[in-house]
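*Asks:* Input: one structure, supplied below.
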Amino acid sequence: MSNPLENGFAQARTVADAVLFEGYVLYPYRASAAKNQLRWQFGVLVPPAWTATTGEHAVQRTECLLEPRNGDRLHAELRFLHVRRRTVERLDADGGYTEVPELDLPDRVLVPWDEGHEERVLIHESLAELMGDQAAVHAVRFDLPAAVEYEPVTDAEGRTLGRLVRHRQRLTGELRPSIEELPGPYRVLRLTVSVHNTTVAPESAGTDRETALAHSLIGTHLLLGVPGGRFLSLTDPPEWARPAAASCQNDHTWPVLAGPPGTDDVILSSPIILEDHPAVAEESPGPLYDATEIDEILSLRTAALTEREKREARGTDARAADVIELVDDMPEAVRERLHGAIRGLREITGDDLRVEDLPGEALPPAPATGLSLPEGPGHPWWDPAQDAGATEVPAVVVIDGETVRAGSRVRLTPGARRSDAQDAFLFGRHATVEAVVGDLDGETHLAVVVDDDPGTDVRRAQGRFLYFKPDEVAPLREEAT
């Protein structure tokens, strides 16, 4: 691959890895965890015979617009995971092996697990050869045969205790690239690349999703590049290209401009919706495989796992073991960076602004509402009550004839009108009011911490409270406390 394109592909791969391994192994990173019983949620292409019974698809289709300019070659990279089903066997006294549900070792607990092995299929083709009827002869086929692999398990002295057995099922597929030149005043090409799972289902195989996954492409995505050419954004195309962009048909994938901002010679076609020029946050300490969570929360929760749980995580998968080591060895400075950055000010400051970077005088004085803002980094540096145009907020509110202020105890009674399902779990819990605050719409809220929350001290120190309206709490009278 040409050097000018490789930089764009390299950055796109870092984002694509988050797509490829999204949901690969979820916190608490153990095979026994309930949430890890249903995996492989994105970009799953099953054999055609399994589409009806699994609800998955056998084909993924990418269409995008390309101004070839000085570009004359397409470089494409298909990436996906291929399941390897791992079982655990113990060495018997007679030299044979017996399959077991786990093998308990001093440093890890080995258990059966479906591992994902990364596969790549590459295309390097002339644009001219992909035009018209010639495209049919440029389909790229791949065949990954069935196989069984054995890995010995040894102790610290090198003695064999058992082995891991990995079974891989046959998987066949095909990439079909083609190009069509569109009419109009500018030379624009519609590039289409479809990915097909062509695996023939074994006659003895079941029809359930679990069986189909062993013959499936998982986390399927494409990197497309044309050095010297220009891809057009499908989410924000030039005005003259909007009709052509709207006519592009993308099935089970979402193509976006990749590489650094300002470049347009690389496309990432992802099964997850992304924005143009996506990038992994520089604060991220490494892959945590659970993008539905926040890195800071995942890191803190992982650090709180018991030693037995960490040993099982290490034995579940090499990537899960890496997560445990990443969190255990994380420097405090890296952990502090996980609090995040204010990216909305980048256009003004030229860089990300961090709360801890603000000078002390940027912190507002304690507002009249009774909400005190402790001095030091990591605390709010702006509050609606300090805005000259903000509605004045009373220091107390009256609920059911009782005066409620900072320090009051209340019982949480969120109603059905609240859209956050998490609030339902707090119904009936006792909490302490930290402040009466207002928003820019003139609404009054109570900032509270739940009394038996083990993270109460941390929440208070960082100013991270739960917020409820006055009609969503009930005062606790002294005799009830």
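*Asks:* Run down Gly184, Gly158 and say which single residue is more than 30 Å from Tyr29 (Cβ to Cβ) and loosely packed, with under 12 Cβ neighbours inside 10 Å. First the steps, then the outcome.
*Replies:* Numbers: Gly158 fails: more than 30 Å from Tyr29 (Cβ to Cβ).
Only one candidate passes the filter, namely Gly184.
*Asks:* Do we find a residue being touching a helix residue (DSSP H, G or I) at 6+ places or on another chain (Cβ under 8 Å) and either loosely packed, with under 15 Cβ neighbours inside 10 Å or not aliphatic (A, V, I, L, M) (or both) anywhere in region 331-338? Before you say what the answer is, go through the steps one by one.
*Replies:* So in region 331-338, the residues touching a helix residue (DSSP H, G or I) at 6+ places or on another chain (Cβ under 8 Å) come out as 335-336, 338.
Filter again for either loosely packed, with under 15 Cβ neighbours inside 10 Å or not aliphatic (A, V, I, L, M) (or both), leaving 335-336.
Yes - at least one qualifying residue is present in region 331-338.
*Asks:* Still on this structure: Within region 1-48, track down each residue that is surrounded by fewer than 17 Cβ atoms within 10 Å (Cβ to Cβ) and of a type in the set (Gly, Ala, Ser).
*Replies:* Ser2, Ala10, Ser32, Ala33, Ala34
*Asks:* With Glu89, Glu129, Glu149 as the choices, which residue is farther than 17 Å from Leu223 by Cβ, free of Cβ contacts under 8 Å to residues at least 60 places away in the same chain and of a type in the set (Asp, Glu)?
*Replies:* Sole residue among the options that is farther than 17 Å from Leu223 by Cβ, free of Cβ contacts under 8 Å to residues at least 60 places away in the same chain and of a type in the set (Asp, Glu): Glu129.
*Asks:* Another question about this same structure. Determine which single condition Gly96 fails, assuming it passes every other condition in (1) in contact with a Ser or Thr (Cβ under 9 Å, 6 or more places away or on another chain); (2) free of Cβ contacts under 8 Å to residues at least 24 places away in the same chain.
*Replies:* (1)
*Asks:* Now, a different point. Scan region 223-268 for residues that are over 17 Å from Pro183 (Cα atoms), hydrophobic (A, V, I, L, M, F, W, C) and open to solvent by 40 Å² or more (accessible area, probe 1.4 Å) and report the count.
*Replies:* Of the residues in that region, 2 qualify.
*Asks:* In the set Leu105, Leu65, which member is of a type in the set (A, V, I, L, M), open to solvent by less than 30 Å² (accessible area, probe 1.4 Å) and more than 24 Å from Leu175 (Cα to Cα)?
*Replies:* On the way: Leu65 fails: more than 24 Å from Leu175 (Cα to Cα).
Sole residue among the options that is of a type in the set (A, V, I, L, M), open to solvent by less than 30 Å² (accessible area, probe 1.4 Å) and more than 24 Å from Leu175 (Cα to Cα): Leu105.
*Asks:* Can you tell me which residues in region 142-190 are among the charged types (D, E, K, R), assigned to a strand (DSSP E or B) and in contact with a Ser or Thr (Cβ under 7 Å, 6 or more places away or on another chain)? Step through it out loud before you land on a result.
*Replies:* Initially, region 142-190 is screened for residues among the charged types (D, E, K, R), giving 143, 149, 151, 155, 157, 159, 163, 166, 168, 170, 174, 176, 180-181, 187, 190.
Subset that is assigned to a strand (DSSP E or B): 143, 149, 151, 163, 166, 168, 174, 176, 180-181, 190.
Asp143, Glu174, Arg176 - these are the residues of region 142-190 that are among the charged types (D, E, K, R), assigned to a strand (DSSP E or B) and in contact with a Ser or Thr (Cβ under 7 Å, 6 or more places away or on another chain).
*Asks:* Among the residues of region 285-299, write down those that are open to solvent by less than 40 Å² (accessible area, probe 1.4 Å) and assigned to a loop (DSSP other than H, G, I, E, B).
*Replies:* Pro285, Gly286, Leu288, Tyr289, Asp290
The values are calculated or read from the model by the stated rules, or taken from the named source; none is laboratory data. These numbers come from a predicted model, not from an experiment. So basically every Cβ, Gly included, is an ideal-geometry build from the backbone, and we count neighbours across all protein chains shown. Quick note on the areas: whole protein, heavy atoms, side chains included, nothing else; ligands and nucleic acids left out. Shrake-Rupley method; radii C 1.70, N 1.55, O 1.52, S 1.80 Å.
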